[in-house]
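This report concerns only the one structure given below.
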Amino acid sequence: MKKIATLLFALVLTIAAVGQSLNITKGGVTYSYGASSLTADSPITFSGGTTMTVGSQTYTISDITASAASSAAAVDNNTVNIVYSGTTATVTAAGNVAPYVTATISGGHVTIAQSNTDAVDGDEITYVLSGTTTDGSLTLGGQYKCTIALNGVTMTNPSGAAINVTNSKRIQLSAKKGTENTLTDGSGSQKACIYSKGQLQLQGNGTLNVVGNLKHAIKSASYIEVKNLTLNITSAVGDGINCEEYLQMKSGTVTIAGVGDDGIQVDLGGTTSTGETTDHEDEDSGNIYLEGGTLNVTVTATAAKAVKSEGDLRVSGGTITCSTSGGGEWDSSDLKTKAAACLSADGNMTISGGTLDLTSTGAGGKGISVDGTLTTTGGTVTIATKGNAVVASSSGTISTVSSSSQLDRYTTNYKSLPKGIKADGAIAINGGTFTVATSGAGGEGIESKSTMDITDGTIYVQSSDDALNAASTFTISGGNIYAYSTGNDGMDANGNFRISGGNIVAISAGSPEVGIDANTEGGYKLYITGGNIVAVGGLENNSSLTGVSRSTASYSSNTWYVFKNGSTSAFAFKLPTVSSSGGGGGRGGMGGFGPGGSSSSSMTIVAKSTPSISAGTLSGTTIWNGYGVVGE
C-alpha cells in the first residue's frame, strides 16, 4: 500500500511539472483532473498511505484500479463522457464532478447516480454519449437538472429502454450540431425507448432517430418541449410522443411515422387542469402549443389521432402536415363510434397562425375534431377527408356506409361521419384561410354542434353533405366564403341564420336543398341585412331581407362572373362544372349543383345596392382554391 501511495505521489509531481492531466480509474470509471486542478490552492493530499484527496473527492487507494498521466486534455469541467463500443462502455468524468457522480457499468449498460442538489461550479452536469452499441443503455438518476448530449451515438438496448431517466427534474436531451444519433429499445417493461420521469427538453442542431419496439418512442411523465432538433420517430408500437402536463414545439423538424397509435398524445398529469400558466410555470393542462418548426405526422392505426390533447390545442406558427388512414372503431367504454383525426382536442382549439395540411382517408376520418370550441384568427388550413361514414351495429360491429341516405337509421353514437372540421362547441372564424374538401357519405365541410360565427377570413368548402353547418345560430358579418355542396345545402343553420356582411357564394346540390338554409320547420328564419351574396339553389323560404336588394340571375356552369354591388365590383367567382348527366337533385346527388342539376338556370343574388352579375373576372387576389378573385 505504501508503495502504491509513493508511486501516486510521484505521478502527481510529474503532472504538475509538465502540465498533463491525471486520470484515476475506480470501478471501471475514470475521473480526469487537469493540471490546473493540482495547485497550491487545490492540493492533492495523502493520509496514512491509505487515502488520497483530490479537490473535494477522497479515494481509498486500494480501490484505485489504474492511474496515469495523460498528455490529452482533461475532460471539461461539469462533463461526463460515456463512450459505447460493441457491448461495452467506458465512462470518464471531470474531476470537479467526481463527488457527485457515481457510475456503474455492466457491459454496455451504464447507470449513473447524480447526488448534487445544486449547480456544480455554476453549471449543470452534462453527460456526452458517443459510439455504437448493440447491447447498451443509459439509466440516469439524480436530484438536479442535467443535460444528456448526443454526440453521434447509435444505441440499441434489446432488453429495455435506450435512455431511462428516473431523475424527476428537468432534463435537456440535446443532439449536437452535425451529428446523427439513433436510439432503439427492445423487450422489457419500459414505457418508451426514451423515458423521463421529469420534464424533457428535446433540442440541439443535430438529428435524433428513435425506434420504440415495446411501447412509445418517447415518453415523459411531465412536459416536453421541442426546439431546433431534427427528430425522426420511424417506428413505435404505441404513440410517437407521449407526455403529461403539456407539450410545446417552438422550432425544429419532427417527423413521426410507423406508429401503432397516436402520433402525439398529451394528457393531464393530475386530475385537475391548471389551465395555461405564465411561462408555463407549474402548468398541468394537457395542452399542446404548436408555435413553430415543421411537424410531419402520419398515422395508420384504427381511430388514431395524429396530434391529440386532453386539454386545449393551440396553433400559432409552423408548418404542420398530418395524415390519417385508419378506419373507425366501437368504443365499449364510452359506448360510441370513434374515428381517426389529424388534430384532436378534448378541450378547445385556437388557430392564429401557421400552415396546416391535413388529410384523412379512413372511414369517418376528420381533419380537425374539437370537443370544445374552435376559434381562428389566422393561419392557412387545407383539409381533405376522403373516407365514407363508419357505423356500428347494436353489438358494436363496425362497417362503412357509402350512401348518405342510409345514415338516418343510425343514432349519433352509432355513426362517425367524415368531416373537415367538427366542433362539439361553438366555432368562431375571425381570420385565416381555409380550404376544405370532403367526399365521403355524410361528409360535411365545417360543422359546429353549437353556434357558428364568421367575422373574417377566407373559406372555401366543397363537401358531399352540408358545406357549412351549425346546430344552432349561424351568423356571418364578414369574410370571403365559398360553400359548395354536391349532396345537400351550401350553408345550413338549425337555428336562426343571420348575415350582415361578407362576400358569399353558396351552392346547393339542388331541390329540395338550398344555397342558404335555416330551420324554418323549427320556427327559425334566415335574416339578411348586408353582404354580397350568391345563392345557387336559392334562399330558405320566408327569409327576412332588410336594407338589401334581392334579384335573380341566370348562370352557366364552369363560367366566371363578376358580382357587382350597384356599380362596385365586389368580387369575381367561378361556378363549378355540372356533369353531363345533370346530377344534382337532393341529398344523394353528387354530379351537379343548382335546381335539378341543370347546366343553365337562375341564382339568387343579394347586395345593399342593386346586385348584378356579368361574365368575366377581375384583377386582384385569387381566393377560394382558384374559384374566386377579390379586387385590389
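The values are calculated or read from the model by the stated rules, or taken from the named source; none is laboratory data. Just so it is clear, the structure is predicted and the values come from calculations on it, not from any experiment. Note that each Cβ is placed from the backbone with ideal geometry, even for glycine, and that neighbours are counted across all protein chains shown. We work out accessible area using only protein heavy atoms, side chains counted, and drop any ligands, DNA or RNA first. Shrake-Rupley method; radii C 1.70, N 1.55, O 1.52, S 1.80 Å.
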Förster radius 56 Å - calculated FRET efficiency between residue 76 and residue 560, Cβ distance, rounded to 0.05: 0.25
Rh (Kirkwood; distinct C-alpha pairs) - region 178-294, Å: 14.1 Å
Hydrodynamic radius (Kirkwood) for region 410-468, which is based on Cα pairs only, to one decimal in Å: 11.9 Å
Packing-based order for 501-508, 445-452, 371-378, using average beta carbon neighbours within 10 Å, highest first: 501-508, 445-452, 371-378
Shape category assigned to region 141-246 from the gyration tensor of Cα positions, a/c cut at 1.5: rounded
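Using square roots of five times the C-alpha gyration tensor eigenvalues, list the equivalent-ellipsoid semi-axes of region 84-220 in whole Å, biggest first.
Computed over region 84-220, the values are 22, 16, 15 Å.
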Descending semi-axes in Å of the chain, equivalent ellipsoid built from Cα gyration tensor: 66, 23, 18
Fraction of accessible area attributable to carbon and sulfur, region 298-436 (%, probe 1.4 Å): 42 percent
Quotient of Cα Rg and 2.2 N^0.38 Å for region 87-144, N being how many residues it contains: 1.16
Peptide ranges 418-428, 359-369, 271-281 listed from the most packed, as the mean C-beta count within 10 angstrom indicates: 359-369, 418-428, 271-281
Using alpha-carbon coordinates, inclination of helix 2-18 to the longest axis of the chain, degrees: 60 degrees
Cβ charges +1 (Lys, Arg) and -1 (Asp, Glu), total dipole of the chain, debye: 900 debye
Burial order of peptide ranges 215-224, 408-417 (average beta-carbon count within 10 Å, highest first): 215-224, 408-417
Mean projected area (nm²) of the alpha-carbon convex hull when region 409-516 is viewed from all directions: 6.1 nm²
Given charges at beta-carbon only (K, R positive; D, E negative), |dipole| of region 120-234 in Debye: 320 debye
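Just list whichever of 449/525; 305/422; 525/608; 26/191; 250/386; 145/305 have alpha carbons separated by over 26 Å in the model shown.
Check vs 26 Å cut-off fails for 26/191; 250/386; 145/305.
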Area of residue 330 that stays accessible when all protein chains are in place (1.4 Å probe, Å², to 10): 50 Å²
Orphan Cys of the chain, criterion: no other Cys C-beta under 4.7 Å: 146, 193, 243
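Using Cα pairs under 8 angstrom and six or more residues apart, how large is the relative contact order of the chain, in percent?
Relative contact order of the chain: 5 percent.
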Distant alpha-carbon pairs in region 354-472 (separation over 25 angstrom), percent: 19 percent
